[in-house]
Structures are given as C-alpha cells and as structure tokens.
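Quick notes on the structure that follows.
Nothing in this text is a laboratory measurement; each read-out follows from the coordinates by a stated rule. Just so you know, these numbers come straight off a predicted model, no measurement behind them. Note that we place each Cβ from the backbone using ideal geometry, even for glycine, and neighbour counts take in every protein chain shown.
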Amino acid sequence: MSAIQKQAVKKSYQQRLKDVIPGGAHTYSRGSDQFPSNAPQILSSGSGVYVKDASGNEFLDFGMALRSVAIGYAEKSVNDAAIQQILAGNNLTRASMIELEAAERLTGMITSADMVKFTKNGSTAVSAAVKLARAYTGRKLILRCSDHPFFSFDDWFIGSTVINRGVPEEISGLTITFPYNDAVTLKTILDEHGSNIACLVMEAATTEEPAASVFEPGKSYLNDVEFLCKKHGIVFILDEMITGFRWHKYGAQALYGIHPDLTTFGKAMANGFSVAAVAGKRDIMKLGSIDETGQERVFLLSTTHGAEMSGLGAFVATMDFYDNHDVTGHMWAFGKKLKHLINRKALEHGLKENLAAYGFDCSPGIILKDQNAQVSMPLRTLFMQEMMNNRVMIPWISIAYHHGDKELEQVEHALNRSLPVLQKALNEGISRYLTGDSIQPVFRKYN
C-alpha cells in the first residue's frame with residue numbers, strides 16, 4: 001500500500017470524497033449538508049428498497065436514488081436487459097436497434113411526443129428544450145415557474161437563483177419567473193412580455209394540486225397555462241422529471257389532460273439507469289434534424305453516450321414492468337397509507353402541530369415546524385437523525401413499487417422510537433438532542 005493510500009485510509013469516507021469531488025458528491029442533493037451527522041457517509045449497495053453502508057449496515061430507503069428508482073434497486077428484469085445490451089456492444093458507431101426501439105416506445109406512449117432525443121441527465125434535456133424553443137420562436141426570454149425547485153444546472157436557470165456566481169448578468173436577465181397556480185398573474189406577465197418570451201418551463205405539480213381554471217370552466221390552471229402559451233406563441237415546456245412515470249404511466253400530462261409542446265423526462269424512466277429525454281411536437285423537434293434542405297441548422301443534443309444501449313435497454317424493460325404491474329397505482333396507494341401513518345403517529349405523540357405528511361399520495365412531502373409554527377430545519381434534521389438511528393433513511397419520500405406492508409411496519413416502529421425524542425427536544429431545546437449540524441437548503445448563496 002502506498003503512502004497516499006495509507007493516508008486515505010485514516011480519513012473518513014466523507015473527507016476522502018470531499019478531497020477529490022467538489023461538494024463530495026455528483027449532485028448537491030447527496031451532499032453531507034443534506035443529511036444528519038449519523039447518516040452513512042457512503043453506500044455500498046442497494047437491493048429492493050434497502051441500501052447498505054460500507055460496513056454492511058442496512059437501511060430502509062425513501063430517497064431511492066433521488067427519485068430515479070421507481071421499482072426497486074437491482075431489479076432483475078431491468079438489470080438483465082441492461083446487461084444484454086452491454087454484451088451487444090453498449091455503444092456502437094451508428095444508431096442501435098435498442099435506440100430505435102426505445103424511441104418508438106416512448107413516442108408510442110406519450111401523445112404529445114412525435115419525436116424524442118435521449119440524453120443522460122435532466123439538466124441537459126431541459127436546456128435542449130429551451131434551445132429548441134428559442135430557435136423555433138426567434139425569441140430570447142425564458143419564463144420559468146418560481147415555485148418549482150430545479151430545472152437545470154445550466155446558466156439560463158442557475159442565473160435566476162440565489163446561487164448565480166459565475167453566470168453573467170446578461171444571461172441572468174433573460175430568465176423571468178412566475179408563481180404556480182396564479183393564472184391572472186401569468187396573464188399579466190404575458191401581456192407585458194409575451195412577444196419576447198420563447199418558452200414557459202414548469203412542472204405539472206409538486207406538492208399542490210392545480211387550481212380551477214380561470215379561463216375555461218371545468219378545467220384546471222394547467223389548461224390556462226396551455227391556453228396562454230398558445231395565445232402568445234410561446235413554447236410550453238413541461239418538465240416531467242419527477243411526475244413522469246409516477247403521477248401516471250403516461251406522465252402527469254395524461255392525468256391532467258394537457259398537451260405541452262415539449263416534454264422532458266428522466267428519473268424514474270429507467271429505474272436508476274442514466275436515461276433522460278426531450279420529446280415533443282415534430283415541427284419543433286425537427287429543427288434538430290439534418291434532412292431539411294436549406295434550413296438553418298440547430299445544433300441540438302449531440303452526445304456520445306446519449307443513446308448508450310444499456311440505459312435504453314433498462315428503459316424498455318422498465319416500461320415492460322409497468323405494463324405488467326400497476327406501478328403508479330401502487331405508489332398512490334402506498335403513499336396514502338404512509339401519509340396516514342405519519343400523521344396518526346404525530347397525533348398520538350402530541351406532535352400534530354409539528355410534524356405532517358402532506359401533498360400528493362404518490363409523492364408525499366414531510367414538514368417539520370417548531371413551537372412557533374415556523375418551518376424548522378433543525379427539527380427536520382433531528383427527525384431524520386432519529387429515524388436513521390432506527391435504520392430508516394428518509395431525507396424525503398420517494399416511493400418505489402417494492403415499498404409494502406413490511407416497510408410500513410418498520411416505519412411505524414421507527415416513528416414510535418423517534419417521535420418521543422422530538423417531543424423532548426421541543427420542550428428542552430432541539431440543540432440538546434441534535435448530534436451534528438442542521439441540514440441546509442441546497443439553494444443558498446453562501447456555504
């Protein structure tokens with residue numbers, strides 16, 4: 001063993017990660033500032049809905065790889081399909097058979113998708129959609145929903161957040177924001193800026209149901225968005241990274257009856273394999289083609305690994321699993337039970353005003369509030385810490401098909417042991433029971 005290797009062994013996994021990876025992980029949501037101090041610093045494996053740390057300790061997981069695993073870790077049929085494509089070469093000199101199969105599968109499922117371009121992450125897909133919209137409309141401005149947390153690591157989005165260091169003001173100024181579920185404010189913004197806006201970017205929903213329509217009785221706010229975009233010639237981009245294959249097998253757009261011009265998918269579409277996509281109407285997507293003689297070209301996505309065969313094989317196998325199992329139905333049913341359990345236990349332990357599970361049954365949220373009814377990150381950290389002490393990792397709630405009654409029992413056991421600690425902490429001071437630093441928001445200007 002070399003001197004460098006010996007020195008590395010003396011350091012914690014967290015120190016070693018931060019020595020060689022800025023932030024210690026390849027997405028900020030996995031960073032040490034997002035977990036309590038007793039969380040595993042590194043994981044070695046996952047199976048079903050459980051993960052193991054480097055020492056072999058097992059935890060029930062509700063993070064599920066940042067919502068990208070919708071069936072369960074290491075699902076055999078998905079892995080087998082990926083391995084089959086690896087053995088077939090994994091990445092060939094021209095388009096592959098699985099590339100065609102995956103593209104036809106997705107466009108056959110999603111009614112708003114005439115064409116699709118695959119890539120490896122959601123940020124790239126959404127930025128590609130933005131580029132298409134600008135090329136299609138000849139306009140510069142981007143309108144994005146301020147209530148939806150993340151769309152891309154690229155400058156057009158990050159420049160409009162508080163973490164805008166490194167982004168020129170000229171770029172930041174090209175993105176403006178609008179609030180969710182307020183069609184009147186959106187109309188006002190579009191009346192003022194509509195002729196300069198290339199696209200509107202939003203999720204269908206996060207924690208809040210779409211409100212009733214202002215302009216079309218019997219419909220929803222999302223129909224208002226679609227109507228206003230059409231009125232002003234704005235490309236409607238729906239980000240379905242989270243809602244896709246969770247809210248509905250064919251996306252939230254199928255659930256809500258909307259028809260975006262472009263849609264981006266990722267996360268759950270390949271059960272943890274690296275696949276994302278931008279898909280949409282032919283007249284927009286074809287701007288990235290090479291056959292329109294005389295047409296000025298749009299250099300769309302051109303990525304060596306964008307159509308890597310293993311990932312696309314996993315996508316097709318994941319969709320096969322959805323065809324044979326009611327994955328989204330299970331998510332809605334399990335999430336309803338989990339929300340009820342958390343809220344019932346909060347009531348039993350005198351914490352009804354401090355802990356609540358809320359939002360969509362298929363993707364619940366958890367909120368922690370202090371004695372003054374203020375959202376409390378320290379209390380949330382303590383909740384995560386105590387649940388972690390009882391082998392439940394719950395940084396957020398991401399439901400997978402293999403979460404079931406056994407897991408509900410494990411959560412109930414963990415809650416019964418954890419919530420008395422929260423009750424004491426609220427009476428005696430949270431800092432007395434918190435063993436490390438409080439978790440921090442990802443989007444903060446300073447460390």
Percentage of interatomic Cα-Cα distances in the range 76-324 larger than 24 Å: 46 percent
Ser29-Ser55 FRET efficiency (beta carbon distance; Förster radius 25 Å; 0.05 resolution): 0.60
Charge dipole (debye, nearest 20) of the range 76-324; +1 at Cβ of Lys and Arg, -1 at Cβ of Asp and Glu: 300 debye
Relative contact order of the range 13-156, defined on C-alpha pairs under 8 angstrom at six or more residues apart (%): 11 percent
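Scanning the chain for chymotrypsin sites (Phe, Trp or Tyr not before Pro) in DSSP loops with at most 14 other Cβ atoms within 10 Å, what's the longest stretch left with none?
My reading of the result: 1-214 is the longest stretch.
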Equivalent-ellipsoid semi-axes of the range 350-393, from the Cα gyration tensor, Å, largest first: 17, 16, 9
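For the range 8-115, which trypsin sites (Lys or Arg not before Pro) are in a loop by DSSP, counting at most 10 other Cβ atoms within 10 Å?
Arg94
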Per-residue Cβ neighbour rank within 10 angstrom, fewest leading, Arg282, Arg391: Arg282, Arg391
Set of lysines with alpha-carbon distance to Lys219 below 26 Å, sequence-local pairs under 8 removed: Lys187, Lys230, Lys231, Lys249, Lys281, Lys336
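With respect to the cross-link table entries Lys345/Lys369; Lys52/Lys120; Lys120/Lys406; Lys267/Lys345; Lys120/Lys140; Lys369/Lys424, which display a Cα-Cα separation exceeding 23 Å? Don't skip to the end; give the middle numbers.
Values: Lys345/Lys369 16 Å; Lys52/Lys120 26 Å; Lys120/Lys406 34 Å; Lys267/Lys345 31 Å; Lys120/Lys140 26 Å; Lys369/Lys424 14 Å.
From the list (Lys345/Lys369; Lys52/Lys120; Lys120/Lys406; Lys267/Lys345; Lys120/Lys140; Lys369/Lys424), the Cα-Cα distance tops 23 Å for Lys52/Lys120; Lys120/Lys406; Lys267/Lys345; Lys120/Lys140.
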DSSP beta bridge pairing in the range 76-324, given as percent antiparallel to the nearest 5: 40 percent
Chain lengthening between His325 and Arg444 when straightened (0.36 nm per residue, less Cα-Cα): 38.8 nm
Segment Ser431-Glu209, extension gain: residue separation times 0.36 nm, minus the distance between their alpha carbons: 76.4 nm
The range 313-447: proportion of alpha-carbon pairs further apart than 23 angstrom, %: 39 percent
Label corresponding to Cα extents along the principal axes in Å when calculated from the structure given, among (1) 70, 56, 46; (2) 69, 54, 36; (3) 60, 47, 45: (1)
Distance (nanometres) between label positions extended 7 Å along Cα→Cβ at Leu347 and Ser77: 3.8 nm
Inter-site label distance for Glu101 and Lys18 at 7 Å from Cα along Cβ, in nm: 4.6 nm
Fluctuation leader among Gly72, Gly173, Gly122 - the chain, Gaussian network, Cα springs under 10 angstrom: Gly173
Cleavage-rule hits (GluC sites (Glu not before Pro)) in the range 211-304: DSSP loop, at most 13 neighbouring Cβ within 10 angstrom: Glu292, Glu296
Loop trypsin sites (Lys or Arg not before Pro), the range 305-365 (other Cβ atoms within 10 Å of the site Cβ: 14 or fewer; DSSP): Lys352
For the range 116-132 and the range 432-447, distance of Cα centres in Å: 32 Å
Cβ-based net charge around Glu99, under 14 Å, with every Lys or Arg adding one and every Asp or Glu removing one: +1
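For the range 252-339, build the convex hull from the C-alpha positions and give me its volume per residue in Å³.
It is 134 Å³ per residue.
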Charge dipole (debye, nearest 20) of the chain; +1 at Cβ of Lys and Arg, -1 at Cβ of Asp and Glu: 1040 debye
Over the chain: helical MRE at 222 nm, DSSP H runs n ≥ 4 each giving -39500 (n - 2.57), nearest 500: -12000 deg cm²/dmol
For the range 263-335 and the range 49-111, distance of Cα centres in Å: 13 Å
